[in-house]
1. With every protein chain present, what is the per residue accessible area of the protein assembly as shown (1.4 Å probe, Å²)?
2. Could you work out how much longer the chain between A:Y518 and A:W616 gets when fully extended? Use 0.36 nm per residue separation minus the Cα distance between them, nm to one decimal.
3. Want the number for A:S195 to A:S290: 0.36 nm per residue separation, take away the alpha-carbon distance, what's left?
4. Going by a ≥ b ≥ c, the root eigenvalues of the Cα gyration tensor, does segment A:85-203 fall in the rounded group (a/c under 1.5), the prolate group (a/b larger than b/c) or the oblate group?
5. Count charges around A:I398 for me, please; just the other residues with Cβ under 12 Å from its Cβ, Lys/Arg as +1, Asp/Glu as -1.
6. Determine the shielding of peptide B:41-47 by partner chains: average, over its residues, the number of Cβ atoms on other chains within 10 angstrom of each Cβ.
7. Restricting to DSSP loop positions (anything but H, G, I, E, B) with no more than 15 other Cβ atoms inside 10 Å of their own Cβ, which chymotrypsin sites (Phe, Trp or Tyr not before Pro) remain in segment A:143-217?
8. If the cut-off is a Cα-Cα distance under 17 Å, which aspartates and glutamates reach A:K286, setting aside same-chain residues fewer than 8 apart in sequence?
Amino acid sequence: MSEAALLALTQLTTLQTMIALVAGVVTGLIVGILPGLGGTAGLALLLPLVFGMEPNAALAMMIGLVAVTTTSDTFPSVLMGIPGTSGSQATVLDGFPMTKRGEGTRALSIAFVSSLFGGIFGAFVLSFAVFFAKPIILQIGFGEQFMLVILALSMVGILTGANLWKGLGACSLGLLLGTLGAAPMSGVERATFGSEYLLDPLPLVVVGLAMFATPEIINLLRRQSSISETGRLEPTGWAKGVRDWASNWWLSLRCSMIGSIIGALPGLGGSVVDWIAYGHAVQTTKNRESYGTGDPRGVVAPESANNAKEGGALVPTLLLGIPGSGSMAILLGGLVLIGIEPGKDMIDNNMDKVYLMIWSIAAANIVGAGICFFLAPQIARITTIKYTLIAPFMIGIIFFAAFQATRNWGDLIALLLLSVLAIYMKRFGWSRPALLIGFVLSERVESSVYQTVTLYGASFLERPIVQILVGLTVVSIGLAVFFKQSSSEEMTAEGPHSHLNKTPQWIFIGAILIFTLYVLQNGWQFNPLTGMFPRVAAFSMLAFLAPILVMMVLRKAPSGFFYDAERKNAPESGRSAEFYIGMLIVMLLWAGVVGFVLGIATFITLFLRRFALVDWWKALAGGLGFVLFLGIISNQLTLRYPTGLLQNVVSLPWPLQ
Amino acid sequence: MFNGLKKLVLGAAAAVAVAMPGVAQAEEFTLEGKTVTWIVGFREGGGTDRLTRVLQTKLGEHLPGNPKVIVLNKPGGGSVTASNDFHANAPADGTMLIMASTSGLLPVLLGSKNARYDPNEWVAITGFARGASLYAISDEIGLSGTDMMADYEALKSANIRFGTETPLSAELLDFVSMELLGGVEPRYLFGLSSKDAEAAFQRAEMNMNTDNTRSYLKDYGEDPKVNPVWSYGVIDESGNLVRDPDLPNIPTFPEFYEAVKGEAPSGPGYEAQKAFMNAKVMLSKSVMLPKGTPKHIADVYIEAMKKVTADPEVAAALPREIGSMPLNFGEDTQKALALGTAMEPEVRAWVATFLKERFDTSLD
């Protein structure tokens, strides 16, 4: 064992392998920082290069890439509130408020140390797990997977926000959104609104961007001159961030464990790791009311977990030849290309290759975090720039990111519609994390309930691991209920919880009700295999809406059920959210005419001129700069952008397609 | 360095062109300075994507003018979305091609209203056949592997658990095959992608599974507990179904049927089985140019694909696609396509009834 480990270390430390590793790390950092792209897209790019490469170097390059995408994805999450990959959605919750306080560097520093620690911990776990994990993984059947989903739901249930009923309603709304499109067990299209786009379920990337990025962008546009409220960046953030991590090392360790376990086990998948870690942090620490307002622990938890999960996800990939995640699936393809067949044979005969991967994960995390630390002071300055100067570019980037989901116009339209939903959820106090969690777990809930019941009936409860998981779930719910804190916000007739003028809230609830009824009546048309889950999700939504409706009608005093952020410090001179929504609609319509690239360029130019009040030539340079950026990316990453009517008539040269 | 290499390859290509008078007409067609876009209707990382990316590395070298070849992933609806788009909009000038797979042919075969494309109108370049077999944990089902009659009795009385994605997936081949035997009633568990089904089989929660033959051999070839029930065979050049070359000792499904029923399979159910077999095995993956592509361009691509697939490096990287099963090109692929995407009305009616009765699923 130690012999193979040493041999692998000497293989890694050759110049050629190290260069390949660094090349992989740099590529991984770039695709991680670009929202919408992650390890899967990055590895797909490397695959043709890997072909014919020296195996050790190829291995180091591929692992180097996968290991660090969740390090650099922190930049957009923390600095701009745009989730860089689905692995860092939870980081936005506390990372971005820290940035708004001017503590961007501190938040980044926490994130990078946590990522580094989590990544190395994941490698450490992998080095043991390859010897004993196989029987454990093979014990995780449908019943266990079902209980894992329930446990996850109970852990994140604490994120329901101030009002429990609205929080549960938001979670149900997530489940409902998850029922749109092809049903997982029958392939039948449900509630597609007649759109071909919904042949598949809504992409998670699009839902994540809509929930977090758009509302923040619009909120900032309305209220602030720069992302950092003070317009400055705290100079001592670095050391502070490291100290923040050090005083939370125990939380970081726990979340790393959670990350690597969830990464290794079947059933949940990588995209909920950050939420579960975040939920765990909220559940098990004191002063939980500070979460969501820029609490360092809210950065430590998801960032430790999301890097640790890569080491964990390698366990089933290498031991069973069954990929633990999307990027692992393509890594598996890469391994076959260089002549390595994962599975028992690899553990018996190619142990040095396994160790090479483990060392590569550790080395890549060090190199990746190092590069991020080095670059961060420069990149963090973006938070001190006048916001109207960067907002149009960020809008361009989130639409670019959404389009990477399925490369379909539908991605852009879905982003717009869901963004409108998210903007009003934020305004009326409906928890967006709760919706996202419901959405992420929706398909897992649907298929694991069906599979467990079909196969075992109630007898799955006799399985020992299931019983342990039931116990953990009870503890988890107990923690949530026992330590539940009520909203401290004062209830006054003038404040956001006022009972006066509820018309906007009525419109919002009415829209949700109509959507729920649509899904419900659609679900009745199908046999149980297709239609049962939408019916259940719709009924749970109605059950949670009922008390809200009762309160809306009957209660004549301020209440936690009522919330309208517009009643709280509404900006005096700023424009309304509806104005910006209208602007996005116009932009998309225009992009439908001239194509995405030209549409965005026009938007950026006009926005810079009109709202940032820069000279015409500078505004034009901004628009052209973005065209160039998109052009270079499309060339390097072999992407294509949505075309408009114009492209159907004439064929335009690069980069205007 | 790459420039030098490019010149060398160009020179070699020119030499080949001069030596082979048959391609003289093709020589006029060039893709120099162009970008060839290869559409994959799935996300990065799947089997179709991996095959395409390996072929991509060499395709440019063998096309006239050495164009840049890029792979563009357009996931959606099991490649239906990308196929619709390809059918309606792809330019027929040799700058765009698609990697089709079984899951793109099935909706056409079953007459789904979502599939607004007809692969028969496309111009076929290459088809990759890939053997498939149905295998099981022998002890659990009571299979001996030596006496087909006894195995049939075992199948009828066993509690078979088979994991699969949906009733309308490529596993229809397995559903229909077992249905034809009569008396075999597996419990199907839906919502499992092939990798989930594979994992559940490894955990022994499922006791029957299907996979391509090469993967089966890699995973379980050495495992005495897991054995094939039958293979789906391969269609040879004269159009006969013969045994899978990778499983020469395993009966094909029709052999198994004949042994246990005393007569060769026939009727609309068997016609459906054959159509699914064609779509799944003979056209596991196929490379196509858009409808209306001129013949001289198609010929250029056929020549190039022949060279690419003959490259030893490519073959080594594609152990599941190249090796045992015959590759087919041009006309042959087109013929297999016609068989794998067409169904007589009474055959489709049989399938519709079967799906309705067995799975409460309709074809739309």
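1. Details: 38130 Å² over 1021 residues.
Here the residues of the protein assembly as shown average 37 Å² of exposed surface.
2. Numbers: separation 98, 0.36 × 98 = 35.28 nm, distance 4.78 nm.
Net length gain for the segment: 30.5 nm.
3. On the way: separation 95, 0.36 × 95 = 34.20 nm, distance 4.22 nm.
So the chain would gain 30.0 nm between A:S195 and A:S290.
4. Working: a/c = 1.91, a/b = 1.16, b/c = 1.64.
Oblate, because a/c is 1.5 or more while a/b does not exceed b/c.
5. Details: positive: none; negative: A:E216, A:D411.
In short, -2.
6. Details: counts 0, 0, 8, 13, 17, 4, 2.
What the average comes to for B:41-47 is 6.
7. Within segment A:143-217, the qualifying chymotrypsin sites (Phe, Trp or Tyr not before Pro) (loop, at most 15 other Cβ atoms within 10 Å) are A:F193.
8. Within the straight-line cut-off, A:K286 pairs with A:D94, A:D244, A:D295.
The values are calculated or read from the model by the stated rules, or taken from the named source; none is laboratory data. Only a predicted model underlies this, so the values are computations on that prediction, with no experimental measurement involved. Every residue, glycine as well, gets a Cβ built from its backbone with ideal geometry; the counts of neighbours run over all protein chains shown. Ligands, DNA and RNA are stripped out before the accessible areas are found, and what is left, the full protein with its side chains, is counted by its heavy atoms. Shrake-Rupley method; radii C 1.70, N 1.55, O 1.52, S 1.80 Å.
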